């Protein structure tokens, strides 16, 4: 293809450096595919990267965004993974195909799109074919674009690493993007779901399938969870808060329970009482999205169960600054930027 396209770029760190520019449509090199972007789901991380860089080795001009849904428009030489016309979604951590995450004890890997690698807020992108998976047949591009980060994080915690099964009790903290996926995925796996969040969002979380709800501002939060479970506790907890709140998660975890540490709203230094952690044989696992094979599993599950991601609002690509501002307002569901 020839011609020009729109692409958000920044030449330095800071929201005020974001510009929507006309640039040439890229040409796929051997092993690459050209994808026409239809939708990009935003994460709070995208806003943080544009505002602070998050210490990442950004290469300028830099394009933010990591989660896209689109259509393969052209193939580079030697590409056999896709055909022209295939609907695809991006992988958040392209180098992580299966098994253990790359990296070592000294240097954990954090090579993601829209950070270490270029981002996707453009009309077209060219990446290696292995950086994409087929999109679910049952979702439109906006819904499909929500899967690579938020959807996969919840799936990886509950289905891939947590092995949640029918009859388990899952506690989901908050009503952000990962949490809303957590409610729906846990229900699809046959679990009983408790959601803890702000009072204004709890009714909508119940509509997604949560069996019980707890106002997280209540002083008796621990007693409320234990009361719902008749003191048994939660078999699996999506821990979004971090900081000292990990200690509360330990207290409400069931014997043999699992805590998936995903968020750090209260800080990156977590603390918890050691005695119940040991006596209850609790597993605490860190979750940082997941690998490509798990994303393919999630896509199949979405098509088979009819899961529908929650989208709070859609914006045209030219309104990216407004869409980023929307992230500060506590959206219920994902904020999506569309190119058409």
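To the nearest ten degrees, helix 177-188 and the longest principal axis of the Cα atoms of the chain are 70 degrees apart.
Each Cα pair under 8 Å and six or more residues apart adds its separation to the average, and for segment 162-286 the resulting relative contact order is 21 percent.
For the pair segment 9-76 / segment 82-99, the C-alpha centres are spaced 16 Å from each other.
Each distinct pair of alpha carbons in segment 225-271 adds a 1/r term; the inverse of their mean, the Kirkwood radius, is 10.6 Å.
Hey, what's the Kirkwood Rh for segment 162-286 if you take every pair of different alpha carbons, in angstrom? Walk me through the numbers on the way to the answer.
On the way: mean 1/r = 0.0710 Å⁻¹.
When all Cα pairs of segment 162-286 are included, the Kirkwood radius is 14.1 Å.
The radius of gyration of the Cα set in segment 215-340, together with its Dmax, comes out at 18.3, 55 angstrom. Inter-part distance, segment 306-340 to segment 130-175, computed on C-alpha centroids, equals 18 Å. Of the residues 274, 88, 164, the one that moves most in a GNM of the chain with alpha-carbon contacts below 10 Å is 274. Calculated mean residue ellipticity at 222 nm for the chain: -6000 deg cm²/dmol, from DSSP H runs with n ≥ 4 weighted as -39500 (n - 2.57), summed, divided by the residue count and rounded to 500. Mean sequence separation of contacting Cα pairs (under 8 Å, at least six apart), scaled by the length of segment 282-337, corresponds to a relative contact order of 34 percent. Compared with the dominant principal axis of the Cα atoms in the chain, helix 292-305 is inclined by about 70°. Modelled spin labels at residue 48 and residue 303, positioned 7 Å past Cα toward Cβ, are 3.4 nm from each other. Rounded to 0.05, the FRET efficiency of the residue 199 and residue 322 pair, given R0 = 25 Å and the Cβ-Cβ distance, is 0.35. Here the relative contact order of the chain, from alpha carbon pairs under 8 Å that lie six or more residues apart, stands at 17 percent. With q set to 0.11, 0.14 Å⁻¹, the log10 of I(q)/I(0) for the chain, from the Debye formula over equal scatterers at the Cα positions, is -0.71, -1.11.
GNM on the chain, alpha-carbon springs under 10 angstrom: the most fluctuating residue among 32, 22, 296 is 22.
We did not get these values from a lab; they are worked out from the coordinates using the rules stated. Keep in mind it's a predicted model, so treat the numbers as computed, not measured. Here the Cβ is made from the backbone with ideal geometry for all residues, glycine too, and neighbour counts use every protein chain on show.
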